[in-house]
1. Quick one: in the stretch 78-97, which of the residues that are outside any strand (DSSP E or B) and surrounded by 10 or more Cβ atoms within 10 Å (Cβ to Cβ) is modelled with the lowest pLDDT?
Amino acid sequence: MVNQETEDNPKTKILVITSIAVVVVAGVLIVSYCIYKRRIHKRRTNTVENNMEMHQEREDLELPMLELASIAKATNNFSLSNKLGEGGFGAVYQVKH
């Protein structure tokens, strides 16, 4: 058994309490760090996935480049009879096939 003098020694009690406190604080810090790293990894993964989705959406939204000659031919050289109206980006023409 443990010596009675050792149990009653105030220095021993302080040492035991301090040791337990240090172990508990270290455990809390380690768990907190692990949770932090997991969240950072999750954010990076989500950011990469979001960037890939945005890039894919941009590719889907790209409009084809048309030659002015083919547009002029399709609209009968931008004839007023083919003009449908005015939009926010300029005149809107009907295309003749």
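The values are calculated or read from the model by the stated rules, or taken from the named source; none is laboratory data. Worth saying up front: this structure is predicted, and the values here are computed from it rather than measured. Glycine also receives a Cβ, built like all others from the backbone with ideal geometry; neighbour counts cover every protein chain displayed.
1. Taking the stretch 78-97 first, the residues outside any strand (DSSP E or B) are 78-82, 88-89, 94-97.
Still in the running and surrounded by 10 or more Cβ atoms within 10 Å (Cβ to Cβ): 78-79, 82, 94-96.
Working: F78: 90, S79: 90, N82: 88, Q94: 89, V95: 87, K96: 76.
Only one residue tops the list, namely K96.
Residue-wise test of (1) modelled with pLDDT of 90 or more; (2) surrounded by 10 or more Cβ atoms within 10 Å (Cβ to Cβ); (3) at negative phi; (4) in a helix (DSSP H, G or I).
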residue	(1), (2), (3), (4)
V16	yes, yes, yes, yes
I20	yes, yes, yes, yes
H41	no, yes, yes, yes
N50	no, yes, yes, yes
Q56	no, yes, yes, yes
L63	no, no, yes, no
